[in-house]
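**Student:** Quick one: the structure is below, questions incoming.
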Amino acid sequence: MQFRRTTAARHLRQTSGLAETRVWDRLRAGRVDGHKFRRQHPIGRFYADFACDRHRLVIEIDGGIHTRDDVILNDHYRQKAIEALGWTVLRFTNEQLLDYPDILIAAIRRHARSLNL
């Protein structure tokens, strides 16, 4: 089971899009105030695009397919399941992060401040 999860996460990392690649360049190695993020991190039965265990914070990046009604509904149920496990989920579109990458950093800092960390 663990091997399958590792293989799936590796595949997701290797096939990431431009927005995910750019976000990872900003988050990796604690570049945001020392907060450690992981890519394609398993949470329950799902994989979060990016997750910070310390803050129980998930960053999800939504591409164009996420505007379809069936995908919107699936994302909603997925997010509720992750939140039920005690995580906070922040969602951004590819366009938001490509055009205004600093909104992500500001959101992470706001979340950290709300936890008093």
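The numbers here are math on the coordinates, done by the rules we state, and not lab data. In this text, all values refer to a predicted model and were calculated from it rather than measured experimentally. As a convention, Cβ positions derive from the backbone with ideal geometry for all residues, glycine included, and neighbour counts pool all protein chains shown.
**Student:** Output the residues belonging to region 85-95 that are more than 23 Å from L115 (Cβ to Cβ) and not acidic (D, E). Steps first, please.
**Tutor:** Initial filter on region 85-95 (more than 23 Å from L115 (Cβ to Cβ)): 93-95.
Scanning region 85-95 gives T93, N94.
**Student:** Among the listed residues I72, I82, I103, which satisfies the condition of being more than 29 Å from N116 (Cβ to Cβ) and assigned to a helix (DSSP H, G or I)?
**Tutor:** Values: I82 fails: more than 29 Å from N116 (Cβ to Cβ); I103 fails: more than 29 Å from N116 (Cβ to Cβ).
After ruling out the rest, the residue left standing is I72.
**Student:** Kindly indicate whether any position in region 30-50 is touching a His at 6+ places or on another chain (Cβ under 6 Å) and at negative phi.
**Tutor:** Yes, region 30-50 has at least one match.
**Student:** What single numbered condition from (1) among the β-branched types (V, I, T); (2) surrounded by 14 or more Cβ atoms within 10 Å (Cβ to Cβ); (3) not in a strand (DSSP E or B) fails to hold for I59?
**Tutor:** Failing condition for I59: (3).
**Student:** Just to be sure, is Q96 surrounded by 15 or more Cβ atoms within 10 Å (Cβ to Cβ) and closer than 21 Å to R22 by Cα? Before you say what the answer is, go through the steps one by one.
**Tutor:** Values: surrounded by 15 or more Cβ atoms within 10 Å (Cβ to Cβ): yes; closer than 21 Å to R22 by Cα: yes.
Considered against the rule, which asks whether it is surrounded by 15 or more Cβ atoms within 10 Å (Cβ to Cβ) and closer than 21 Å to R22 by Cα, Q96 comes out as yes.
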